[in-house]
Amino acid sequence: MSQPDPNHHIRRVVLPSGRSIEVVYFESPGDSTTVRPAAREQKVTDLHVCPQCENDMVYPVEWEEVSPTHWEVALRCPSCEWDHVGVYDQATVDSFDDELDRGTETLLRDLKRLTRANMEEELERFSEALGADALWPMDF
């Protein structure tokens, strides 16, 4: 029976797309040297809120894992064009990801309502045109 290699460990990472990959780290799990020295961890909890205009629609432009416990995230606010790159802990990024999921669900719900309202309006106009004998073959 083989013993685990103490010089590396494997971590499963779920990407923003929903795909899951395994990442092999070639250092001990407690080694914090994998965080880039130039990238300092930001003490922020609500990444979706813009620090300049307080809009709650900040979104990630890109993100990359920099250590087993930290992510480098590029953020952008669509209202004031604020952008920032910072390093955040896993719990903060998980909370941000949950907020993004809630936002996506809200957008999809609104899209379905809008689509239904537009279809109902088109159906009403079509019914009126049909009743008024205002449809011609070239309309199709």
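Please treat every number below as a calculation from the coordinates, not as lab data. Here the structure is a predicted model, which means the values were calculated and not measured. As a convention, Cβ positions derive from the backbone with ideal geometry for all residues, glycine included, and neighbour counts pool all protein chains shown.
Extension gain for residue 23-residue 10 works out to 4.1 nm (0.36 nm per residue, less the C-alpha to C-alpha distance).
Among 97-104, 70-77, sorting by the average number of other beta carbon atoms lying within 10 angstrom of each residue, highest first, gives 70-77, 97-104. For the listed peptides 54-63, 114-123, a ranking on the average number of other beta carbons within 10 Å per residue, highest first, reads 54-63, 114-123. Cβ crowding within 10 Å, taken as a proxy for footprinting-reagent exposure, orders 96, 126 from fewest neighbours to most as 126, 96.
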